[in-house]
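Only one structure is covered here, and it is reproduced in the block below.
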Amino acid sequence: MSNAMWGGRFAEGPDAVLEAINASIDFDRRFYAQDIAGSKAHVAMLAATGIVSKADAAAITKGLDEVLAEIESGEFTFSRALEDIHMNVESRLAEIVGPAAGRLHTARSRNDQVATDFRLFVRDALDALGASLLRLQQALVDKAAENAASVMPGFTHLQSAQPVTFGHHLLAYVEMIGRDRGRLSDARRRLNECPLGSAALAGTSFPIDREMTARALGFDRPTANSLDAVADRDFALETLSAAAICAGHLSRFAEEIVLWSTPQFGFIRLSDRFSTGSSIMPQKRNPDAAELVRGKSGRVIGALVGLMTVMKGLPLAYSKDMQEDKEGLFDALDTLDLCIAATTGMVADMVPNLAAMKRSAGAGYATATDLADWLVRVVGMPFREAHHVTGRIVAKASEAKLPLEKLPLEAMQEIEPRITADVAGVLGVVNSVKSRTSYGGAAPANVRRQAARWRKALAKQAAALEKSAAAV
């Protein structure tokens, strides 16, 4: 039996294996709302341009609303034999409104239809991810403001380097996530062109109004080249690239949460809501939420690599390979949204162990650079000489098993006689972080200013999002 949607070219139906590999309805059914919105915009344009009658357009629109209601209520039956969401919707529409339903596909193809659906879906997902990331930033800023002066060690090579504050450390991720949001916003801006009307690959001879459908669907403009419109998926690649970078940031933070929550570090305690126990060891508190955020980043990165591999060798225009563009993206965006939610919850609930952080901040001679800077600033040494002198003093303190601030002044003067008692003001970890007053530095006053700046900016952005959502 020939497929009614394909027409008379085929005398026999597809083999069961082809039907199984060809069908996309199991995953592209997620496009149902976007597909129906696109069809309603398209038929309204067909009526406005006189390509179909207003009566047929009204019947089709009413039928599409009925299909949408059936899907949302769970009454709709999806068929793999009909391949995809487009054919499933069109088939049911024909049952509801009769032959007039066949006019809906005038001046379009499944190629421009799916490209339009996909852009609409990704656009919605980008908006949702941006809002979720904003909430994560707000949680980080709140925690940072509370801990602007909470001293902790800063690390390079995972070795104690210089003292910073917990607030300063958290604000580093606020900056990263701000750039993540910027990348998502850029991707949204570039994808916001409407492919509808490009048809299969060459456009159409019907006198359609592509500006009308673009406006109706909230696009900035119609796509300028019909081949590009149906054949490219760089909007999905760009979205996945931004998502992969964001997942990497979340994974790095998750790794720190895992380390900080160990007894060896003891910097934070995660709440019971984001910890699990052991089936055999009753003392265990496992940071599973953080570990899963770290692990799931691989799925997001893998989706980007997968789609790049699909697209890299395809000649223009559409090829069926491009059906593989959706499942990975769906999973990646779902996964990223879940990881953002988990990270937001962990941040809001985590309790820092300020005493443990401060103890650790002074370990490993973390204020050695402060001593070298003091020698440059007060004694007038070239930095390289000050570096050498400080290294000798650190060695002496290490030999005596003393922190720098406990090493007697006389012992320092044996190495550099010009050192005075004033040096004590830079050797403690609290004084060290207070001295980092350069713009972007770790001084508590800086952290408070940056937290206040971010809090104000995020509140304004959140209000704008609420206003935009209310308008829709």
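Just in segment 91-197: which chymotrypsin sites (Phe, Trp or Tyr not before Pro) are loop by DSSP and have at most 10 other Cβ atoms within 10 Å?
For chymotrypsin sites (Phe, Trp or Tyr not before Pro) across segment 91-197 that sit outside H, G, I, E and B with at most 10 neighbouring Cβ atoms in 10 Å, the list is empty.
Can you work out the FRET efficiency for the pair residue 58 and residue 106, with r the C-beta to C-beta distance and R0 = 22 Å, to the nearest 0.05? Calculated transfer efficiency: 0.90. Quick one: longest stretch of the chain between exposed loop GluC sites (Glu not before Pro), exposed meaning at most 14 other C-beta atoms within 10 Å and loop per DSSP? Between exposed loop sites, the widest span is 76-472. Relative to the longest principal axis of the Cα atoms of the chain, the long axis of helix 327-349 lies at roughly 40 degrees.
Based on the Kirkwood radius over alpha-carbon pairs, what value in µm²/s does the Stokes-Einstein equation return for the translational diffusion coefficient of segment 14-154 at 37 °C and 0.692 mPa s?
Using the Kirkwood radius from Cα pairs, D works out to 185 µm²/s.
Sparse packing (at most 13 other Cβ atoms within 10 Å of the Cβ) combined with a DSSP loop state is found for the following trypsin sites (Lys or Arg not before Pro) in segment 270-332: 284, 312.
Shown in residue order for segment 62-78 are the 3J(HN,Hα) couplings computed by the Karplus curve 6.51 cos²θ - 1.76 cosθ + 1.60 at θ = phi - 60°: 4, x, 5, 4, 5, 4, 4, 5, 5, 5, 5, 8, x, 8, 6, 9, 7 Hz (x for Gly and Pro). Residues of segment 359-392 falling in the label zone of residue 406, defined by backbone nitrogen less than 18 Å from a point 7 Å along Cα to beta-carbon, are 359-368.
Each Cα pair under 8 Å and six or more residues apart adds its sequence gap; the mean of these over the residue count of the chain is a relative contact order of 16 percent. Taking the C-alpha atoms only, the angle from helix 110-146 to the longest principal axis of the chain is near 20 degrees.
Here is the size of segment 238-377 from its Cα atoms: Rg then Dmax, 21.2, 69 Å. Over the chain, dividing the summed -39,500 (n - 2.57) contributions of all DSSP H runs of at least 4 residues by the number of residues returns a 222 nm mean residue ellipticity of -20000 deg cm²/dmol.
Just to be sure I understand: of the beta bridges DSSP finds with both ends in the chain, what percent are antiparallel, rounded to 5? Taking every DSSP beta bridge within the chain, about 80 percent pair in antiparallel fashion.
The slack in the chain from residue 319 to residue 378, taken as 0.36 nm per residue of separation less the alpha-carbon distance, amounts to 14.2 nm. In a fully extended conformation the segment linking residue 128 and residue 449 would gain 112.7 nm over its present Cα-Cα distance, using 0.36 nm per residue. Placing pseudo-labels 7 Å out from each Cα toward the beta carbon at residue 16 and residue 135 gives an inter-label distance of 4.5 nm. Place a label point 7 angstrom from the Cα of residue 385 along the Cα-to-Cβ direction, then list the residues of segment 342-369 whose backbone nitrogen is under 20 Å away. Hits in segment 342-369 for residue 385 at 20 Å: 369.
Under a model in which nothing but the beta-carbon of Lys, Arg (+1) and Asp, Glu (-1) is charged, segment 343-388 shows a dipole of about 80 debye around its Cα centre. Per-residue 3J(HN,Hα) values for segment 34-47, derived from phi via the Karplus relation 6.51 cos²θ - 1.76 cosθ + 1.60 with θ = phi - 60°, read 5, 5, 6, 4, x, 5, 5, 5, 5, 6, 4, 5, 4, 6 Hz in sequence order (x marks Gly and Pro). Using the Cβ-Cβ distance between residue 395 and residue 464 with R0 = 51 Å, the FRET efficiency computed as 1/(1 + (r/R0)^6) comes to roughly 0.35. In this simple spin-label approximation, residue 276 and residue 308 carry label points 7 Å from Cα along the Cα→Cβ vector, and these lie 3.1 nm apart.
Find out how many positive minus negative residues lie around residue 425, taking Lys and Arg as positive, Asp and Glu as negative, among other residues whose Cβ is under 13 Å from that of residue 425.
Charge balance in the 13 Å sphere: -2.
If R0 is 22 Å, the Cβ-Cβ spacing of residue 79 and residue 33 corresponds to a FRET efficiency of close to 0.70. With only Cα atoms counted, the chain has Rg and Dmax values of 30.4, 100 Å. Viscosity 1.002 mPa s, temperature 20 °C: Stokes-Einstein D of segment 56-103 from its Kirkwood Cα radius, in µm² per second? It comes out at roughly 199 µm²/s.
Basic side chains Lys and Arg get +1 at the Cβ, acidic Asp and Glu get -1 at the Cβ, and with that the dipole of segment 338-472 about its Cα centre reaches some 660 debye. Relative to the longest principal axis of the Cα atoms of the chain, the long axis of helix 288-311 makes an angle of roughly 50 degrees. Assuming charge only on the beta carbon of Lys and Arg (+1) and of Asp and Glu (-1), the dipole of segment 176-231 about its Cα centre is about 300 debye to the nearest 20.
None of the figures in this text is laboratory data; all of them are computed from the coordinates on show. Everything numeric in this text was worked out from a predicted model, so none of it was measured. Reconstructed Cβ throughout: ideal geometry from the backbone, glycine too, with neighbour counts over all protein chains shown.
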